[in-house]
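Here the structure comes first, spelled out in structure tokens, and everything after it is commentary.
The values are calculated or read from the model by the stated rules, or taken from the named source; none is laboratory data. None of these values were measured; they are calculated from a predicted model. Cβ placement follows ideal geometry from the backbone for every residue including glycine, while neighbour counts extend to all protein chains displayed. Each accessible area value is taken on the protein alone, full model and side chains, heavy atoms only, with ligands, DNA and RNA left out. Shrake-Rupley method; radii C 1.70, N 1.55, O 1.52, S 1.80 Å.
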Amino acid sequence: MNVNLLMILLNGITYAGLLFMVASGFTLVFGLMRVVNLAHGIFYLLAAYLGLLIYRTTGSWWLCLIGSSLIVAACAFVIHSTLLRRVQGDDQRETLLTLGISFVVGDLLLAYFGGMPQRLRAPEMFSVPVSLGILTYPGFRLFVLGIAVFIGVFLWALLKFTQLGRIIRAGVDDRDMVAVLGIDIDWAFVAVFVLAGFITGLSGVIGGSYLVFAPGEDIHVLTYSLIVVIVGGLGSLSGVALGALVVGLIDSFSKTLVPAFTMFFLFGTLMLVLAFRPHGLRGREK
Amino acid sequence: MEPVLEISGVHVYRQGSHILKGVDLSLSGGSLALIGRNGMGKTTLISTIMGLLRSSEGSIRFMGQELIGKKPCLIARKGIGLVPQGKRVFRSLTVDEHLKLAFEPKRKHQADIYWNVERVYELFPRLKERIRQEGTRLSGGEQQMLAIGRALVTNPSLLLMDEPSEGLSPIMMETVIEACHRLTAAGISLLVVEQSLHFASSVSDRYAILMTGAIVQQGEFPDLLRDRQLLSAYMGISNTRVAR
Ligand SMILES: Nc1ncnc2c1ncn2[C@@H]1O[C@H](COP(=O)(O)OP(=O)(O)O)[C@@H](O)[C@H]1O
Ligand SMILES: [Mg+2]
């Protein structure tokens with residue numbers, strides 16, 4: 001195979017890894033809990049900027065990764081327990097509320113950090129290119145792919161084998177029936193929201209070291225997450241993986257070969273999928 | 001003896017319509033059948049006991065403790081289990097996962113038997129054969145067994161059953177009746193909502209009739225089954241249908 005083509009393919013796959021990370025947090029909240037979290041993108045951007053702050057003071061990328069994710073998870077907890085809880089189950093209010101949060105936080109970030117594009121510096125160990133037979137490939141991107149796979153396996157095992165996983169799956173089907181078993185389902189959903197915040201935080205720092213970020217990037221992240229989740233199928237983890245792969249490959253190929261048509265191909269795919277599989281590639285009918 | 005469940009003057013509105021208009025009902029151990037035609041408010045009453053619906057007035061006491069205003073999960077933890085109308089098994093969970101989800105080993109129990117997953121499989125061997133199947137892939141009767149098993153592993157001292165015989169084959173109905181007898185023998189109190197007089201009278205000695213949001217008649221089953229006038233007035237049942 002042509003080395004260039006292989007490169008584009010690999011780029012698509014590693015980008016799919018990043019997309020999977022970003023979208024898995026989104027699907028936990030939107031796909032499973034049906035909370036329309038339009039603040040998802042801003043959680044990502046917040047994590048990236050917090051990473052910048054932590055990097056400036058400590059100089060450690062690993063501290064950025066953990067610190068930002070923990071702070072974003074804490075923000076998710078506060079937002080859920082002070083605001084989202086009050087409008088639970090009301091799609092319209094959830095939408096407006098989370099959109100409002102994302103505007104406010106977005107402007108605060110712009111005011112504090114300015115509008116210049118920024119980038120986090122990944123640790124030295126990742127800047128070494130890795131040799132993969134006929135080509136060498138940036139180590140950091142392979143690391144991203146590895147983390148994405150790890151998160152995927154972790155979430156899969158969590159949902160399949162643990163009590164929290166059973167509570168979430170059952171709660172998505174029938175919330176009241178979980179409650180009458182003596183299970184505090186509200187608490188379980190808070191846990192999921194916080195976990196999603198943490199994963200989004202991880203992806204913000206990792207994404208912010210993979211690509212540049214600037215104010216407005218949150219809309220991008222939100223759009224891509226939506227496309228991935230809708231193409232893959234709401235609430236399905238394997239669907240997110242598949243959706244991320246499809247979007248990642250389309251994005252990589254079209255950006256390299258016909259850059260002007262990237263959005264056209266992305267949304268064209270979305271339309272085709274919805275036309276033939278209205279519930280997404282791996283979605284189930286309600 | 002202190003009643004297990006004591007409902008007094010309960011009023012419930014649903015979307016503006018007055019559904020329960022002062023329900024008074026008391027259950028002291030054993031099994032009580034709550035009967036009445038469709039749309040009379042039986043499910044509404046069960047949901048209100050469980051905390052899923054809010055009552056605007058009245059009191060519901062379980063072992064002397066007020067339930068009104070408490071969250072469903074706290075009510076369940078006090079020892080009330082629900083077998084809901086329509087079974088409502090989880091479609092994303094297998095049979096085994098249903099029971100694991102509901103089983104809480106630390107919860108204290110008042111009944112004579114401690115229910116864990118194994119005990120439920122002993123009660124319903126059919127479920128054990130379907131252990132890895134998803135809830136909605138089961139037959140109606142198996143789903144009912146699963147709904148009962150799921151409630152049992154929470155170790156309730158009072159079990160609310162909402163139309164357990166709905167959609168069951170005659171054989172399956174006998175299986176569930178038999179299971180109910182074993183539950184009452186094990187010290188669990190039952191409040192059974194039923195449309196089938198056969199099921200209700202097999203499981204309970206006592207009945208209460210709910211009509212347009214209030215209890216209009218209570219008593220013992222043998223008397224009710226003899227009273228054709230009462231049956232046709234409250235149950236809309238003609239003489240021939242009383243015969244099993
Ligand atoms: N979700 C609901 N919203 C508003 N009214 C309801 C709802 N469910 C049932 N009702 C009304 O409440 C009344 C009692 O219903 P229900 O308690 O289900 O009766 P039953 O269980 O005795 O058949 C009916 O008139 C029904 O139309
Ligand atoms: Mg009913």
Task: Contacts under 6 angstrom Cβ, first residue in region B:6-25 being basic (Lys, Arg), partner assigned to a strand (DSSP E or B) and away from ligand 2 (no atom under 15 Å from the Cβ), 6 or more apart - done: B:21/B:214
Open item on the list: Could you go through region B:68-81 and let me know if any residue there is away from ligand 2 (no atom under 16 Å from the Cβ), farther than 27 Å from residue A:161 by Cα, more than 9 Å from every other protein chain (Cβ to nearest Cβ) and part of a strand (DSSP E or B).
Closed with: no
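Only one residue in A:201, A:268, A:280, A:197 is under 25 Å from residue A:7 (Cα atoms) and not acidic (Asp, Glu), so which one is that? Quick ask: steps written out before the conclusion?
On the way: A:201 fails: under 25 Å from residue A:7 (Cα atoms); A:280 fails: under 25 Å from residue A:7 (Cα atoms); A:197 fails: under 25 Å from residue A:7 (Cα atoms).
Among A:201, A:268, A:280, A:197, only A:268 is under 25 Å from residue A:7 (Cα atoms) and not acidic (Asp, Glu).
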Open item on the list: Restricting to region A:1-32, give me the number of residues that are free of Cβ contacts under 8 Å to residues at least 60 places away in the same chain and hydrophobic (A, V, I, L, M, F, W, C).
Closed with: 2
Open item on the list: So for region B:105-128 (the condition being under 28 Å from residue A:159 (Cα atoms), charged (D, E, K, R), within 16 Å of ligand 2 (Cβ to nearest atom) and open to solvent by 10 Å² or more (accessible area, probe 1.4 Å)), does at least one residue qualify?
Closed with: no
Task: From B:165, B:202, residue being more than 14 Å from every other protein chain (Cβ to nearest Cβ), assigned to a loop (DSSP other than H, G, I, E, B) and either farther than 20 Å from residue B:25 by Cα or open to solvent by 50 Å² or more (accessible area, probe 1.4 Å) (or both) - done: B:165
- [ ] Hand me the list of helices (runs of 4 or more DSSP H) wholly inside region A:174-286 holding 2 or more residues that are within 30 Å of residue B:46 (Cα to Cα).
- [x] A:175-179, A:185-210
Task: Residue check, residue B:40 in contact with a Leu (Cβ under 7 Å, 6 or more places away or on another chain), open to solvent by 20 Å² or more (accessible area, probe 1.4 Å) and within 16 Å of ligand 1 (Cβ to nearest atom) - done: yes
TODO: Answer yes or no: is there a residue in region B:44-54 that is away from ligand 1 (no atom under 14 Å from the Cβ), away from every other protein chain (no Cβ under 12 Å) and in contact (Cβ under 8 Å) with a residue 12 or more places away in the chain.
DONE: no
Task: Count of residues meeting criterion [farther than 18 Å from residue B:158 by Cα, among the β-branched types (Val, Ile, Thr) and crowded, with 24+ Cβ neighbours inside 10 Å] in region B:80-103 - done: 2
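Can you pull out the residues in region B:10-56 that are outside any strand (DSSP E or B), small (Gly, Ala, Ser), more than 13 Å from ligand 2 (Cβ to nearest atom) and under 26 Å from residue B:186 (Cβ atoms)?
Start the filter on region B:10-56 by keeping residues that are outside any strand (DSSP E or B), which leaves B:15-16, B:28-30, B:36-56.
Filter once more, so that each one left must be small (Gly, Ala, Ser): B:16, B:28-30, B:36, B:39, B:41, B:47, B:51, B:55-56.
Next, only the ones that are more than 13 Å from ligand 2 (Cβ to nearest atom) stay: B:16, B:28-30, B:51, B:55-56.
Correct list: B:28, B:29, B:30, B:51.
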